[in-house]
Amino acid sequence: NSLLRHGEDKACMQLLDDYKQAFGDRFYVELHFNELNIQKYTTEKILKMAKELDIPWVVAMDAHYAKAEQARFHDYLKMIHYGGTRKNPSKFLYNTRELYVKNQTDIIHSALKWDYDISIRDIEEGLDRTMEIYHRTNFEMEMGVLKFPKFNTDPNFDPNKALKKKSIAGFHRRRKQG
């Protein structure tokens with residue numbers, strides 16, 4: 001996408017072809033659908049190039065949060081990370097509310113809603129390939145169970161108390177900033 005965003009179409013085509021030669025039938029391009037103009041531009045370009053080079057595509061999504069209504073919490077986390085406040089939001093906030101986990105119908109709806117130049121058939125083909133890749137993997141995820149890495153720490157260390165302490169200190173620091 002970086003090459004496309006900078007108008008380097010020829011270099012992007014060469015890179016895609018290089019990857020195709022290196023990875024064969026295990027190389028795919030990803031299509032994403034949201035209301036960002038740059039996403040629309042790159043998705044449409046990458047699909048055109050993939051078709052020209054006979055590279056299969058999959059449909060993916062930038063899922064930064066699980067549900068659409070969680071977008072504002074994502075904004076808060078970005079503000080905390082990059083130093084913004086509600087009065088002075090960070091320049092790193094995304095101008096989209098579409099970065100949540102979607103089902104196939106929602107993905108197709110997003111592409112239509114934001115007027116992507118892509119057929120429903122192409123989207124469905126990408127979704128089918130995405131599921132083919134899923135079925136080739138040997139990954140199972142237990143839902144509802146959080147699995148964080150374990151670190152060797154002081155046996156008296158309480159991560160919940162440490163998080164609370166840091167959160168309160170950060171809150172007071174941020175509150176002073178406005």
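Read the figures in this text as sums done on the coordinates, not as results from a lab. Predicted model, so just to flag it, every value in this text is computed and none were measured. When we count neighbours, we look across all protein chains shown, and the Cβ atoms used for this are built from the backbone with ideal geometry, even at glycine.
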Inter-label distance, nm, simple model (7 Å from Cα along the C-beta direction), K176/D17: 5.9 nm
Full-stretch length increase - N1, T96 - with 0.36 nm per residue and alpha-carbon distance subtracted: 32.4 nm
q = 0.18, 0.24 Å⁻¹, the stretch 1-102: log10 I(q)/I(0) [Debye, one scatterer per Cα]: -0.90, -1.18
Hydrodynamic radius of the stretch 85-176 per Kirkwood, over alpha carbon pairs, in Å: 18.8 Å
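Based on the alpha-carbon gyration tensor of the chain, what equivalent-ellipsoid semi-axes (square roots of 5 times the eigenvalues) come out, in whole Å, largest first?
37, 22, 17
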Estimated distance in nm for a label pair at K161 and L112, the labels positioned 7 Å out from Cα along Cα-to-Cβ: 5.6 nm
Reduced Cα scattering model of the stretch 40-80, Debye log10 I(q)/I(0), q = 0.18 Å⁻¹: -0.66
Percent breakdown of C-alpha pair distances by 5 Å bin, ordered from the shortest bin, for the stretch 124-170: 5, 13, 11, 13, 14, 10, 7, 7, 13, 6, 1
Positive dipole terminus of the chain, leading residue within Y28, Q70, S2 (C-beta point charges): Q70
Filter on K78/K113; K102/K161; K40/K166 - keep pairs with C-alpha separation over 28 Å: K102/K161; K40/K166
